[in-house]
1. So which of Lys83, Lys76 ends up being closer than 19 Å to Asp123 by Cα and either surrounded by fewer than 17 Cβ atoms within 10 Å (Cβ to Cβ) or touching a residue at least 24 places away in the same chain (Cβ under 8 Å) (or both)?
2. Keeping to region 38-95, report how many residues are basic (Lys, Arg) and within 18 Å of Pro114 (Cα to Cα).
3. Please go through region 86-106 and pick out each residue that is of a type in the set (Gly, Ala, Ser) and either surrounded by 17 or more Cβ atoms within 10 Å (Cβ to Cβ) or modelled with pLDDT under 95 (or both).
4. Sort out which residues of region 119-145 are at pLDDT 90 or above and more than 21 Å from Val80 (Cα to Cα), and write them in order of number.
5. Hey, any hits in region 52-61 for a residue that's polar (S, T, N, Q) and at pLDDT 95 or above?
6. If we keep just the residues of region 62-73 that are open to solvent by 60 Å² or more (accessible area, probe 1.4 Å), part of a loop (DSSP other than H, G, I, E, B) and not β-branched (Val, Ile, Thr), which is modelled with the lowest pLDDT?
7. Within the bounds of region 116-129, is there any residue that is open to solvent by 30 Å² or more (accessible area, probe 1.4 Å), of a type outside the set (A, V, I, L, M) and more than 19 Å from the chain's Cα centre (by Cα)?
Amino acid sequence: MKKKLRRSEFFKRAMSLAVAFVMLLSFLPMMPHVHAAGEETITVYFRNDWLWSDIRAYYWGSADTNPDWPGAEMTKVDTVDGKDIYSAELPADITGLIFNGVKNDGSGSRDQTPDIKDISFADGMAFYIYWDNGNRYGTFEYTPD
């Protein structure tokens, strides 16, 4: 015959389970991201200084299948100083990256950053582009909320 729990015992057990669940959830941010193919991923950010639409991240060099042009769709995650910040989760082993988007001039054509290569890509890197006798890229510190 089952013993009926008193209300106070029931709440103690329920609270214990809730605390254990919250503790388990706290470990999730420390776990590496895993790409569909089972490889680790990184999150990169792009500041949309040129007011493009349909922002994409095209990458290469990954052991995973590289995307078709124009690349993986990026997600708007923030606005800082009037500039939209986009993110994409990419394979950690990429060796090159291009951000691109549809120009804001009504032409419908795509513009792009120069090839971003010969650097060590890391989780949380944030990029922007600027004009200096041609498109150039730079990095900046960005911490998502």
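The values are calculated or read from the model by the stated rules, or taken from the named source; none is laboratory data. Remember, predicted model here, so these are calculated numbers, not experimental data. Cβ placement follows ideal geometry from the backbone for every residue including glycine, while neighbour counts extend to all protein chains displayed. Just so you know, the surface numbers come from the protein's heavy atoms only, side chains and all, with ligands and any DNA or RNA stripped out. Shrake-Rupley method; radii C 1.70, N 1.55, O 1.52, S 1.80 Å.
1. On the way: Lys83 fails: closer than 19 Å to Asp123 by Cα.
It is Lys76.
2. Total meeting the criteria: 2.
3. Ser87, Ala88, Ala92, Gly101, Gly106
4. Within region 119-145, Ile119, Ser120, Phe121, Ala122 meet the criteria.
5. Yes; the residues of region 52-61 include at least one that is polar (S, T, N, Q) and at pLDDT 95 or above.
6. Among those residues, the one meeting the criterion is Ala63.
7. Scanning region 116-129, I find at least one residue that is open to solvent by 30 Å² or more (accessible area, probe 1.4 Å), of a type outside the set (A, V, I, L, M) and more than 19 Å from the chain's Cα centre (by Cα), so the answer is yes.
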